[in-house]
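Working notes, structure below.
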Amino acid sequence: MNNTLFRKHIISIPELNRYDLELIVDTARKLKIDPNPTLLKNKVVASCFFEPSTRTRLSFETAVQRLGGTIVGFDNAGNTSLAKKGETLADSVQVIASYVDAFIMRHPQEGAARLASEFSNNAPVINGGDGSNQHPTQTLLDLFSIYETQGTLDNLNIAFVGDLKYGRTVHSLTQALAKFNNTKLFFISPDILAMPDYLLQELRGAGIEYSLHSDIEDVVDDLDVLYMTRVQKERFDESEYAHMKAAFILTADMLKNARDNLKVLHPLPRIDEITVDVDKTKHAYYFQQAENGVYAREALLALVLNEQF
Amino acid sequence: MIKEHQLQVEAIKNGSVIDHIPANLGIKILKLFNLKDTNQRVTIGLNLPSSALGHKDLIKIENVFLNEDQANQLALYAPHATVNQIENYEVSKKLKLALPHEIAAVFACPNSNCITHNEPVDSHFAVVETQETVRLKCKYCEKVFSRKIMTECN
């Protein structure tokens, strides 16, 4: 496949087309089967995390090292010139990007990665999460996990459960799935945490069929993928939460009539929205999904930094 | 009516006239769209009587011809404004205002956590028009806002 991602910034899912997404998924699949420890040989990659992260940072850094590259960077902004001396992000990026071949960053403010891409002097910027906005590499590992378990990204029934209002992983994955054919989406959430209108409008514009629900059990038997997220207790008063939480917590019992191919995904960390008895069912796939974060990020780094391989 | 206009603000020989600006927006438009950054003569009329608006503001800039893109930037701010090009005291072209595809450095992003508030970049929005509502999508934080809640940059 022609590498359309060479030296590209990876900031936001809507900028990637179906071909780009398939290229990343296909490359991740190949690297999972056949590791290649030389793809980032002699490359230095910055890993700049301006806010804490566990899975994203460690899987990015693992990906760089498994491909033979080296890492520079920091895992919190507390000791940087931004925090200590009041330097702008634009200046910091300009300097750090001049040292490295690619720049991975997470930042608590929305738009930080886009801004960085304007000051990185052509070093590709990879967004590891910008505030509540985008987290494109989570979406890429989600797509890879869906492809890996279903053998296709077309003709799928996919439900999202939980906090759909604030959940950036849900928003980005929805935007990605809208690029595939005959996708049917089910949104299951309390009213006050429903999908934002502007995203539903985008789905209508893309001709995607979707429906809104208030209980997992309404749709679980028709699904290929059940994507869980957490309904945060803090958003409700205690009695309200106690009353509604059962509708958004997945138990093994609820899966007894599910399709054989149904897989349950979750961006993790899981708190109590998936009970541990689900872990032992054939439907649980969230830990493999987290492992796929390394392969999806390897694929992205390999494509961005090598025209051909 | 035309005669009355000519008496209110002196006619220009060549240049652009922005008319039918809602009263009190004239100075803001001058500032926001950098119309004052010129050595040419700029005349501004404030609170002029207007049959359509009650009161209106008006800006005349000599020897500067606003193009359609520049005129369209005004459409978001003063959708009923008109922009005419003047040659030899005659209206040579009436520019029809259409919504621009994007607008930069005019509105502040309403998202207080948007990176544009602390960094050396101009705000930048794509203009999205759907079913008679106009919304602006920030190029940086990607949030979408109704035109009605936007306020200009300081």
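Values computed for the structure shown
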item: Segment B:53-154 - charge dipole about Cα centre, Lys and Arg +1 at Cβ, Asp and Glu -1, debye rounded to 20; result: 340 debye
item: Phi to ³J(HN,Hα) by Karplus 6.51 cos²θ - 1.76 cosθ + 1.60 over segment A:45-58, Hz, x for Gly, Pro; result: 10, 8, 10, 10, 10, 7, 8, x, 7, 9, 5, 4, 5, 5
item: Total charge dipole magnitude, the protein assembly as shown, about the Cα centre, Cβ charges on Lys, Arg, Asp, Glu only, Debye to nearest 20; result: 960 debye
item: Candidate lysines for bridging to B:Lys93, where Cα separation is under 18 Å - those fewer than 8 sequence places away on the same chain excluded; result: B:Lys13, B:Lys60
item: Spin-label model distance (nm) - B:Glu90 vs B:Asn14, 7 Å beyond Cα toward Cβ; result: 1.5 nm
item: Proximal charge balance of A:Lys256 [Cβ under 13 Å; K/R count +1, D/E count -1]; result: -3
item: Å³ per residue enclosed by the Cα convex hull of segment B:33-154; result: 135 Å³
item: Net charge over other residues, Cβ less than 10 angstrom from the Cβ of A:Arg235 (K, R count +1; D, E count -1); result: -2
item: Around B:Val134: net Lys/Arg minus Asp/Glu count, Cβ-Cβ under 12 Å; result: +2
item: Label-to-label distance, nm, for residues given as A:Arg204 and A:Glu118 (7 Å Cα→Cβ offset); result: 3.2 nm
item: Cleavage-rule hits, GluC sites (Glu not before Pro), segment A:1-95, DSSP coil, Cβ neighbours within 10 Å at most 10; result: none
item: Descending semi-axes in whole angstrom, ellipsoid equivalent of segment A:96-211, from the Cα gyration tensor; result: 29, 17, 12
item: Under 25 Å from the Cα of A:Lys256 - lysines, other chains or at least 8 residues apart; result: A:Lys184, A:Lys245, A:Lys280, A:Lys282
item: Whole-number D in µm²/s for segment A:188-309 (Stokes-Einstein; Kirkwood sum over Cα pairs; 37 °C, 0.692 mPa s); result: 196 µm²/s
item: Hull shadow area, averaged, the protein assembly as shown [alpha-carbon convex hull, nm²]; result: 27.0 nm²
item: Student exercise, segment B:1-95 dipole from Lys, Arg, Asp, Glu Cβ charges, in Debye to nearest 20; result: 160 debye
item: Phi-based couplings in Hz for segment A:212-225 (Karplus 6.51, -1.76, 1.60; Gly and Pro marked x); result: 10, 9, 10, 8, 4, 5, 4, 10, 4, 6, 9, 9, 9, 9
item: Distant-in-sequence amide H partners of B:Lys93 (H built 1.01 Å from N, under 5 Å); result: B:Gln85
item: Whichever lysines have a C-alpha closer than 23 Å to that of B:Lys143, once near sequence neighbours (fewer than 8 apart) are set aside; result: A:Lys8, A:Lys165, A:Lys179
item: Normalised contact order of chain B, rounded percent, pairs of Cα under 8 Å and 6 or more residues apart; result: 20 percent
item: Average Cα contact separation per residue, chain A, under 8 Å, 6 or more apart, as relative contact order %; result: 21 percent
item: Hz values of 3J(HN,Hα) by residue in segment A:110-118 - Karplus curve (6.51, -1.76, 1.60), Gly and Pro given as x; result: 5, x, 4, 5, 4, 4, 4, 5, 8
item: Alpha-carbon Debye profile of segment A:212-264, log10 I(q)/I(0) at 0.13, 0.14 Å⁻¹; result: -0.36, -0.41
item: Area projected by the alpha carbon convex hull of segment A:7-59, averaged over all directions, nm²; result: 5.1 nm²
item: Segment A:1-63 versus segment A:122-184: alpha-carbon centroid distance in Å; result: 15 Å
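Rule-based calculations on the coordinates, nothing more; no lab input. Just so we're clear, the structure is a prediction, and the values are computed from it rather than from any experiment. For neighbour counting, all protein chains shown are included, and Cβ atoms are generated from backbone atoms with ideal geometry for every residue, glycine included.
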